[in-house]
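Report on the following structure.
The values are calculated or read from the model by the stated rules, or taken from the named source; none is laboratory data. All values derive from a computational prediction rather than experimental measurement. Positions of Cβ are generated from backbone atoms using ideal geometry, with glycine treated the same way; all protein chains shown enter the neighbour counts.
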Amino acid sequence: MFQKLVTAAVTAAAAAGLMLGSAEAQSKKVKIAYVEWSDAIVATNIIKTVLESKGYEVTITPLAAAAMWQAVATSEADAMVAAWLPATHASYYGQLKDKVDLIGPNVTGAKIGWAVPKYTPLESIEDLKSKASLVDGKVIGIDPGAGLMKASDKAIKEYGLPVKLVDGSDATMTAALKDAYDRKQNIVVTTWTPHWMFARWELKYLADPKNVFGGEETVNTVARKDLKKDMPEVHAILSKFKLSLDDEQKVMVWNEEKGAKPAETAARWVKENPDKVETWLN
């Protein structure tokens, strides 16, 4: 009987150990959602690199903006570092604010709007009312459903512009800009700061006298509701995570080099900026 009790106790202890080990393993897995905007790619890969340096297994998943917010709200993702507020993602936050933990800004001084090459005679969005032919009646956009695209639709209506908003992606928009710039042609693109395009080409934002695109924005870190309780160290790191516009745009330019891999450029930035990273970890 004693032997049976000992065996049972050992078995129970082993089972408990396996359960603990499984829980510990699970607690080291972090899932981050992001939109495939060039700035979000940079920030997401940098935070991934930093969390991995602390022993976490990090999975990053690209999603449309609405799906990114929904993933965090339903705990399918633990966090995101790509939430543009107060304007660009206002509708998503308005719907889901009770289901997420808004940690706060990781980048300040951001903005959205329409940009043109500096050589273009257009100065204001209002100019397109009478000069839409300069750009073939088109504004080159990104992925449909993005907050920037919703704001762009609103701008077309508010200003009464005879232009069509062309759906695409960050990549197709910048490809169209490059082609036009190389040919010294006029073009209007939907854009945002930070973005590597401002380091590559001489561009200017069109004035927005009706303030349709809003003023300065912040890019925020948002976590699922229980992350602070479940993974306090991860939450603490996310809470301290900050990047400057210069930091992001520098890495964005690296990512545009032939053969560049975002994971590698993020690791390069982390290696070159130990003091900044240290402030996130302590």
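Restricting to the range 126-154, give me the number of residues that are under 30 Å from W69 (Cα atoms), of a type in the set (A, V, I, L, M) and either under 19 Å from the mean Cα position of the chain (by Cα) or not in a strand (DSSP E or B) (or both).
In the first step, residues of the range 126-154 are kept if they are under 30 Å from W69 (Cα atoms); the result is 138-154.
Those left that are additionally of a type in the set (A, V, I, L, M): 139-140, 142, 146, 148-149, 151.
The next check asks that each one be either under 19 Å from the mean Cα position of the chain (by Cα) or not in a strand (DSSP E or B) (or both); those that pass are 142, 146, 148-149, 151.
Of the residues in the range 126-154, 5 are under 30 Å from W69 (Cα atoms), of a type in the set (A, V, I, L, M) and either under 19 Å from the mean Cα position of the chain (by Cα) or not in a strand (DSSP E or B) (or both).
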One residue from P117, P105 being surrounded by fewer than 21 Cβ atoms within 10 Å (Cβ to Cβ), modelled with pLDDT of 95 or more and touching a Ser or Thr at 6+ places or on another chain (Cβ under 7 Å): P105
Residue in the range 205-224 that is farthest from T88 (Cα to Cα), counting only those that are surrounded by 14 or more Cβ atoms within 10 Å (Cβ to Cβ) and touching an Asp or Glu at 6+ places or on another chain (Cβ under 8 Å): R224
Candidate set from the range 232-269 (those that are among the hydroxyl-bearing types (S, T, Y) and under 25 Å from K29 (Cβ atoms)); member that is surrounded by the fewest Cβ atoms within 10 Å (Cβ to Cβ): S239
Cβ pairs under 7 Å, 6+ apart, first in the range 64-87 and of a type in the set (D, E), second outside any helix (DSSP H, G or I) and buried (at least 19 other Cβ atoms within 10 Å of the Cβ): D78/V30; D78/I32; D78/A223; D78/R224
Selection count where residues are in a loop (DSSP other than H, G, I, E, B) and at pLDDT 95 or above, scope the range 214-228: 2
Residue pairs meeting the criteria (Cβ under 9 Å; at least 6 apart or on separate chains; first free of Cβ contacts under 8 Å to residues at least 60 places away in the same chain, in the range 168-190; second of a type in the set (D, E) and assigned to a helix (DSSP H, G or I)): Q185/D179
Residue in the range 56-70 that is in a loop (DSSP other than H, G, I, E, B), closer than 24 Å to K250 by Cβ and touching an Asp or Glu at 6+ places or on another chain (Cβ under 8 Å) present: no
Test result for A64, out of contact with any helix residue (DSSP H, G or I) (no Cβ under 7 Å at 6 or more places or on another chain), farther than 30 Å from W192 by Cα and either at pLDDT below 95 or surrounded by 10 or more Cβ atoms within 10 Å (Cβ to Cβ) (or both): no
